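For reference, the structure discussed in these notes is given below.
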Amino acid sequence: MRSFLNLFGPSPFTALQLHMQIVSRCVQLLEDLFSAIDARDFIQSASIAESIRKLEHQADIVKNDIRNHLPKSIFLPIDRSNLLEILSMQDHLADNAESVADLVTMKNLPLPEPLKADFMLFLKMSIKTFKTVEEIISELGELLEFSFGGVEAEKVKALVNDTSMKERETNIALRGLLKGLFNIEEDLSYGSFYLWVRIIEGITEISKLSERLSSRVRMTLESE
Amino acid sequence: MTLEFVLMGLVIIAGFYMAWNIGANDVANAMGTSVGSGALTLRQAVLVAAVLEFSGAFFFGSAVSETIQTGIIDPNSFASQPLTLACGMLACLIAAGVWLQIASYYGWPVSTTHTIVGAVIGFGLVFGGTDAIQWNNVSYIASSWLVSPLLGGVLAFLLFSLLKKVIFRAKDPIGACKRIAPVLVAMMVAIVLPMLLFSHSGKYEPSFLQGVFICLASGAISAYLSLLALRRTFVKGRSAAHPQMVVMAQMESAQHALLQATPLLPLSMQEKLCNLTEEIDNLKHEAKLQLSESVPDTHAQHMLVEKVFGFLQIMSACMMAFAHGTNDVSNAIGPLAAAISILQNGKLVLNEAIPTWVFALGASGIVIGLATWGWRVIETIGKKITELTPTRGFAAEFGTALTIILASRLGMPVSTTHTLVGAVIGVGIGGGMGALNLNVAKEIFISWVVTIPAGAGLTIFFYYLISTFVSV
C-alpha cells in the first residue's frame with residue numbers, strides 16, 4: 001500500500017504559493033523602508049533592509065527546495081517549464097526588492113522633498129501591481145481544482161488584465177517622477193543622483209516583472 | 001486423528017489467515033481514498049467495508065475463486081497423488097501469507113492476487129511439469145493483469161474528462177453539478193446491476209428483458225432520489241452569469257477580431273484600427289470600474305461541488321469495497337476450496353460448487369482482519385492522501401470498481417491496488433492532480449517480475465517442509 005501513497009507527489013502549487021507569501025512580505029517591506037528614509041530614520045531603514053535581505057534568502061531556500069523536488073518523473077497538469085518560469089519570476093521579484101534595499105542603504109540617502117509626492121505615488125503603484133499578481137498566485141489552488149479552465153480561469157484572466165493596467169499606470173507615474181528628478185539634478189550629488197536612478201529602476205522592474213509573471217500564469221490557462 | 005483431518009484443519013487455518021491478511025492490508029487500498037478525501041469518516045469506512053466486502057465476497061466471489069481453484073492447475077495431472085496437491089495448496093497459502101507479511105514490513109507494492117497465482121503456478125510447474133498447467137487460462141489471467149490497470153486508467157480518465165467538461169468548464173458549475181450528479185448515480189446503478197444480476201451465481205436469473213427493465217427502472221429511481229436530495233441540500237440557486245466578466249469577454253473578442261483584420265488592410269487603415277483597439281482597451285478598464293464588483297466566489301463554488309461529490313464518493317466507495325470483496329476473497333479461498341475438494345472427495349472435482357461455508361469463512365476472515373488491523377492502515381492512508389478531492393476520488397474509484405467488477409464477472413483475478421494506481425494516473429492525465437509520481441508505475445512493473453518467482457519459491461520451500469511431516 002505504500003506504493004499507492006508514493007503515487008502522490010508533493011504538490012508544487014502549494015509550494016509556489018508559500019514562496020509567493022515570502023516574496024510578498026519581502027516586497028511590501030519596501031513601503032516601510034521608504035517611510036523610514038522619508039523620516040530620516042536611518043537606523044530603522046538599515047534594520048528593515050536587513051529584514052528584506054533575510055526574507056530574500058528564505059525565498060531562495062524555498063525556491064531551491066521546489067526545484068529539487070520536481071524530477072522528470074513527476075507528472076504535472078501544466079507544462080513543467082511554465083511552472084519553473086513562474087517560480088523563477090517570483091524569485092526575481094524578491095531579488096529586485098533586495099537590490100533596491102541595498103542601494104538605499106548604501107549611504108545615508110535622504111528622500112528629496114520635491115520628489116516625495118511623486119516618488120511615494122510611484123512606489124505605491126508599483127507595489128499595487130505586485131499585489132495584483134500576488135492575488136493571481138493565491139488563486140493557483142482554485143485553478144488546480146477547476147483544471148485551469150472555467151469560471152476560475154475567467155476570474156484569473158480579469159486579474160491579468162488588471163495587472164497590465166496597473167503596470168501602465170506605474171509607467172505614467174515613473175515618467176512624472178523622472179522629470180522631477182531631472183529638475184533637481186543640480187541639487188543632488190553625483191552619487192545620490194545615480195543611486196536614485198538605480199533605485200527607481202529597481203522599483204520599475206518590480207512592476208514589470210509582476211506584469212510578465214501574470215502573463216506567464218495566463219499561458220497556463222486552458223481556455224481561450 | 002487421520003492425516004486428512006489434520007491437513008483439513010491446517011488448510012482452513014491457512015486460508016483464514018490469508019483472508020485475515022487481505023482484510024488487514026489490502027482493504028485499505030480500496031477504502032483509503034474515500035477517507036483521505038473526507039467523503040467518509042474512518043468509522044463509516046470500516047462499516048461500509050465490513051458490510052460490502054462481506055457481501056461481495058460471499059455472494060459474488062465464486063467465479064474468481066473457481067478460476068484459482070480449478071482453472072490454473074489441471075486437476076487430472078495430480079489424479080494419482082491427490083494428497084500432493086492438497087499439501088501443495090496448503091503450502092501456497094502459507095507461502096503467500098509469509099510473502100505478504102515480508103512485503104508489508106518493507107513497504108513493497110506487492111499484490112495479494114499476483115502472489116497467490118504465482119504460488120499456485122509455481123507449485124504446479126515444479127511438481128507436475130508443464131503439462132500440469134492450463135496455459136490458456138494462465139495467459140488470460142496474465143493479460144488481465146496488464147489490461148486492468150489500463151482499463152481502470154481509461155475509465156477514470158474518461159469520467160474525469162467528462163466532469164471537467166461539464167462542471168469545471170461550465171459558466172455555472174453548481175448548476176451543472178446538480179444536473180449531472182443524478183446522471184452519475186443512475187450510471188452507477190445501471191451499470192453495476194446487470195453485472196450482478198446476470199452473474200449466474202445467484203439463484204435468481206432474470207430474463208434479458210426483465211434484466212434491462214430492472215436496470216433502467218432502478219437507474220431512473222436512484223436518479224430521481226438523488227435529484228430530491230440535492231434540491232434539499234442546496235437552498236442557494238444557481239450562480240448567475242456575472243455582468244462584469246461577460247462584458248470583459250465580449251470586449252476582448254471584439255479587440256481580437258479587429259487585430260485579426262488589421263494585417264489584411266492597407267497601412268493607412270491599419271493605424272486607424274490600432275487606435276480603435278486602444279480605445280477598446282481603455283473602455284475595458286472603465287467598464288471594470290463601473291460595473292458592480294460582482295466577481296464570482298469561485299472558492300464557494302468549488303466547495304459546493306466537492307460537497308456534492310462527497311456524497312457521490314460514498315457510493316463509489318461502496319462499489320470499491322464490494323468489487324474488492326468479489327475479486328480478492330478468491331485469493332484466500334481458491335486454494336482452500338481446492339484442498340477441501342480433494343480431502344473430501346479423494347480428488348479435485350471440477351464443476352462442483354464451492355460450499356457456502358468456505359465463502360463464509362473467507363468473507364468473515366476479511367472482515368475480522370479489517371476490524372482488528374485493517375482500520376489502522378486505512379487511517380494511515382487516509383491521513384496521507386489529502387490531494388485526492390472528492391471529484392477526483394470519485395472518478396478514480398468508479399473506474400477501478402467498474403474494472404474489478406467486470407474482471408470478477410469474467411472470473412479473472414486482478415490486483416485492486418494496481419488497478420487503482422492506473423485509475424489515479426488516468427485522472428492525473430486528465431488534468432485532475434497536482435503532482436503524480438510516475439516512478440510508482442516502474443515499481444509496479446518490478447513487483448510483477450519479482451512476486452511470481454518469490455511466491456513460487458516460497459511455496460516450494462513450504463511444500464518440502466510439509467512433506468517432511470507428511471508422507472505423500
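Of note:
- Hits in region B:169-184 (condition: within 10 Å of chain A (Cβ to nearest Cβ) and free of Cβ contacts under 8 Å to residues at least 40 places away in the same chain): B:Arg169, B:Ala170, B:Ala176
- Conditions (1) more than 30 Å from B:Ile167 (Cα to Cα); (2) more than 14 Å from every other protein chain (Cβ to nearest Cβ); (3) touching a Lys or Arg at 6+ places or on another chain (Cβ under 9 Å); number of the one not met by A:Lys72: (2)
- Test: B:Ala132 is away from chain A (no Cβ under 14 Å), closer than 30 Å to B:Asn76 by Cβ and over 18 Å from the mean Cα position of the chain (by Cα): yes
Listed here are the residues, each with its yes/no results for (1) of a type in the set (A, V, I, L, M, F, W, C); (2) away from every other protein chain (no Cβ under 14 Å); (3) buried (at least 24 other Cβ atoms within 10 Å of the Cβ).
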site	(1), (2), (3)
B:Pro75	no, yes, no
B:Ala79	yes, yes, no
B:Leu85	yes, yes, yes
B:Ala103	yes, no, no
B:Ile116	yes, yes, yes
B:Pro149	no, no, yes
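- Within region B:436-472, being in contact (Cβ under 8 Å) with a residue 12 or more places away in the chain and facing chain A (nearest Cβ under 8 Å) holds for B:Leu436, B:Leu438, B:Val440, B:Glu443, B:Ile444, B:Ser447.
- One residue stands out in region A:1-47 among those that are within 14 Å of chain B (Cβ to nearest Cβ) and under 16 Å from the mean Cα position of the chain (by Cα): the one that is surrounded by the most Cβ atoms within 10 Å (Cβ to Cβ), namely A:Leu16.
- Number of residues in region B:298-344 that are buried (at least 22 other Cβ atoms within 10 Å of the Cβ), within 14 Å of another protein chain (Cβ to nearest Cβ) and among the hydrophobic types (A, V, I, L, M, F, W, C) equals 4.
Every residue, every condition in (1) at pLDDT 85 or above; (2) outside the structural domain of B:Tyr105 (by TED's automatic domain parsing); (3) touching a His at 6+ places or on another chain (Cβ under 9 Å), yes or no:
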| position | (1), (2), (3) |
| --- | --- |
| B:Val11 | yes, no, no |
| B:Ala14 | yes, no, no |
| B:Ile22 | yes, no, yes |
| B:Ala28 | yes, no, no |
| B:Gly32 | yes, no, no |
| B:Leu42 | yes, no, no |
| B:Ala49 | yes, no, yes |
| B:Phe54 | yes, no, no |
| B:Ile73 | no, no, no |
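- Check on B:Leu197, farther than 27 Å from B:Leu52 by Cβ, at pLDDT below 80 and more than 14 Å from chain A (Cβ to nearest Cβ): no
- If you go through region B:1-60 and pick out every residue that is over 18 Å from B:Ile366 (Cβ atoms) and touching a Cys at 6+ places or on another chain (Cβ under 8 Å), you end up with 1.
- Residues of region A:148-202 classified as of a type in the set (A, V, I, L, M), more than 30 Å from B:Gln301 (Cβ to Cβ) and either assigned to a helix (DSSP H, G or I) or within 14 Å of chain B (Cβ to nearest Cβ) (or both), total: 10
- Search result, residues across region A:203-224 that are within 14 Å of another protein chain (Cβ to nearest Cβ) and either touching a residue at least 60 places away in the same chain (Cβ under 8 Å) or hydrophobic (A, V, I, L, M, F, W, C) (or both): A:Arg218, A:Thr220, A:Leu221, A:Glu222, A:Ser223
- So B:Gly457, is it closer than 19 Å to B:Val192 by Cβ and surrounded by fewer than 23 Cβ atoms within 10 Å (Cβ to Cβ): no
- Only one of the listed residues (A:Leu83, A:Leu143, A:Leu121) is within 14 Å of chain B (Cβ to nearest Cβ), closer than 23 Å to A:Ile206 by Cβ and part of a helix (DSSP H, G or I). That residue is A:Leu83.
- Check on B:Ile141, of a type in the set (A, V, I, L, M) and modelled with pLDDT of 85 or more: yes
- Answer residue from region B:57-69, given it is in contact with an Asp or Glu (Cβ under 9 Å, 6 or more places away or on another chain) and part of a helix (DSSP H, G or I) and is surrounded by the fewest Cβ atoms within 10 Å (Cβ to Cβ) among those: B:Val64
- Residue that is of a type in the set (Gly, Ala, Ser), away from every other protein chain (no Cβ under 14 Å) and in a helix (DSSP H, G or I), where the choices are B:Ala28, B:Ala24, B:Ala14: B:Ala14
The values are calculated or read from the model by the stated rules, or taken from the named source; none is laboratory data. Computed from a prediction, not measured in an experiment: that's the story for all the values here. Every residue, glycine among them, receives a Cβ derived from its backbone with ideal geometry; neighbour counts consider all protein chains shown.
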